[in-house]
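The values are calculated or read from the model by the stated rules, or taken from the named source; none is laboratory data. Keep in mind it's a predicted model, so treat the numbers as computed, not measured. Please note: Cβ atoms are built from the backbone with ideal geometry, for glycine as well, and neighbour counts cover all protein chains shown.
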Amino acid sequence: MSPNSGALAVAGRRGVIRRYFEHLPVTEKTPIVTLDEGDTPLIFSERLSQEVGAGVWLKYEGLNPTGSFKDRGMTLAISKALEEGSKAVVCASTGNTSASAAAYAARAGLICAVLIPEGNVALGKLAQALAHGARVVEIEGNFDHALTLTKEMAQSRPVTLVNSINGFRVEGQKTAAYEVVEALGSAPDLHVMPVGNAGNITAYWRGYREAAAKGWCDFLPRMFGFQAEGANPIVRGHRVEDPRTVATAIRIGNPASWGGAVEAADASKGQIRSVRDKEILEAYRSLAAEGIYVELASAASVAGLRQLASEGLVVPGCRVVCILTGHGLKDPEWALAGAPRPRRVPAAIEPILEHLELA
Ligand code: AN7
């Protein structure tokens, strides 16, 4: 138990390493590379709660420093790479991992190399990696090819792999489950999230189990992970050679942490399921209509919640947490595609009022 009278996080400390120091694989000698990640809001959704007849909270991970949950694991992975004397890090990425790796590597003064799949990385994410000075190559292949090549590079060259195969990533990411428990005062009954490479569901499950073991909560949530239907290897039980979905962040056909996802779902009496692209887009729009801007992959959790509700799997009055993994500004193209462009009018009150239907 933390020294500050039972609270999980050490009050007044910023960034997940300092806040959860004694629960992470760090020592006083670890140089802490941080951008004050974590401590993200858990927002109560009135509309979703009414819709599904339960209490629904949204963990808005898009408010991390680089706009996604990846920062929680990256602070630890980069700190440990620095501690171990590494000079360079490498990752394969559908976008967010590379944005985060680039930012934390820049902060640490490390070289960051990034392999991205051809033509399927949201512009905002690519811009971030470039802005932070990462060395980026777009390979003629998908994410799964990029990850295989990255692993080969890390074996044959003196570079540290910072994909979630790096155990420090999952360790850092588990802190999000601590925060949920801290905010609710218990675990939720249902935990709903998107699944791509499956590192994050592995991390949440570890975080919840540890929280229970430390006495911070006395039951565990059922874990429901949602893949996109065209990229749902875990649901199918075999790898998908040519994964397809509008949610490019989770366009992954052979998840590295496959076993971790299955373990989380099985041990918690949950499931790994899939949602259609159309349902992801609907959830994206309804979240935006509630003031919460997320990227498409994140909307898979709310699409998934609706699927669970439609099948009677949301017990009335229970508590549900949906994880919103990344910010909508990563990929504004989808908002622009779904709305009429603003009309140009003369700079005078009358035509403005008329067009806005406020006349
Ligand atoms: C917004 O950046 O795989 O199941 O290379 O960016 O832990 O992989 C991103 C994944 C969900 C899936 N939501 O998480 C990458 C990458 C968003 C994401 C996922 C990702 P995992």
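Only helices (runs of 4 or more DSSP H) wholly contained in segment 1-112 count here; list those with 3 or more residues that are closer than 24 Å to Arg319 by Cβ and either away from the ligand (no atom under 15 Å from the Cβ) or at pLDDT 95 or above (or both).
Filter on segment 1-112 gives 46-52.
Quick one: how many residues across segment 80-98 are under 26 Å from Glu295 (Cβ atoms) and touching a residue at least 40 places away in the same chain (Cβ under 8 Å)?
Qualifying residue count for the region: 9.
How about segment 262-350: which helices (runs of 4 or more DSSP H) wholly inside it have at least 2 residues that are over 22 Å from the mean Cα position of the chain (by Cα) and surrounded by 12 or more Cβ atoms within 10 Å (Cβ to Cβ)?
Those helices (runs of 4 or more DSSP H) do not exist here; none qualify.
Could you list, in sequence order, all residues of segment 156-203 that are of a type in the set (Ser, Thr, Tyr), part of a loop (DSSP other than H, G, I, E, B) and more than 10 Å from the ligand (Cβ to nearest atom)?
Hit for segment 156-203 is Ser186, nothing else.
Can you name the residue in segment 248-261 that is part of a loop (DSSP other than H, G, I, E, B) and farther than 10 Å from Gly199 by Cβ and is also nearest to the ligand (Cβ to nearest atom) among such residues?
Among those that are part of a loop (DSSP other than H, G, I, E, B) and farther than 10 Å from Gly199 by Cβ, it is Ile252.
Could you please find all residues in segment 314-347 being touching a residue at least 12 places away in the same chain (Cβ under 8 Å) and among the hydrophobic types (A, V, I, L, M, F, W, C)?
Val314, Val315, Cys318, Val320, Val321, Cys322, Ile323, Leu324, Leu329, Trp334, Ala335
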